[in-house]
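Derivation of every value follows stated rules applied to the coordinates shown; laboratory data play no part. Source: prediction; values computed, not measured. Don't worry about glycine lacking a Cβ; one is built from the backbone with ideal geometry, like all the others, and counts go over all protein chains shown.
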Amino acid sequence: MKINKCNYKDFKYFILRCSEHERKCGGVADRLKSLPFFVAASAHSKRIFLIRWERPTKLEEFLIPNEINWAMPDWMYGHLRIHDENDAVKFMPTSKRIHSGLKRYTKNTIHEGLLQDFYGGCSFYYRLDSDMDKNKEYNKTYAKIWDDFAGCEFTEFFMFLS
C-alpha cells in the first residue's frame, strides 16, 4: 500500500511473470501451483512478491484481489521496462536458476521468474524451506529419491482452498 511511483526504488521485488514476451506460460493451474515456491523465495530473499501477468490478460481481470493484492500496479509496467534497460532486472526462467539467482543477484532491484515445471518448483521449494527453517535440515538422500517431487507436501495447502 505504501509503494508508489516516487518511492518504489527503495524496495526490492520478486515478480512471478507471464509477459507478452514468453512463448508459453501454461494455464491458470500451472501458474498458481508455483505460488508457494515464489512466496517462499520472496520471503527468503526479503523481497516484495508481485504477480505480472500480461497473457492472456492481467491477473486482476479474472481473479479479483481480496485481502492481499499481489498484482503489479499499472504504473510499474513502464518503470519496469526502464529498469530492464539498466540491468536492474534479472529474469530467471526456471526454479533452479531462481534458487541460485537469489544468492547471486542480491543487488538487483527486481527479480522476475517463470516456472514451466510440472511440479511447480517443489524440489527447490524443499531447499528453500530447509534454508529458512532452522529446525529442518536439507536431506540429500530424500531429495535424490524423490527428485522433482521432493517438497510437494505444500500441495496439501491447495486442498484446503477447494
With each label point set 7 Å from Cα along the Cα-Cβ vector, what nm distance links K136 and D30?
2.6 nm
Just flag the trypsin sites (Lys or Arg not before Pro) in the range 33-80 sitting in loop per DSSP whose Cβ has no more than 13 other Cβ atoms within 10 Å.
K46
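What does the highest-first list of 10-19, 67-76 look like by mean Cβ count within 10 Å?
Values: 10-19: 20.0, 67-76: 13.7.
By packing density, highest mean first, the sequence is 10-19, 67-76.
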Checking the table K103/K134; K9/K90; K33/K140; K9/K58; K46/K103 against a 20 Å threshold on Cα-Cα, which pairs fail?
K33/K140; K9/K58
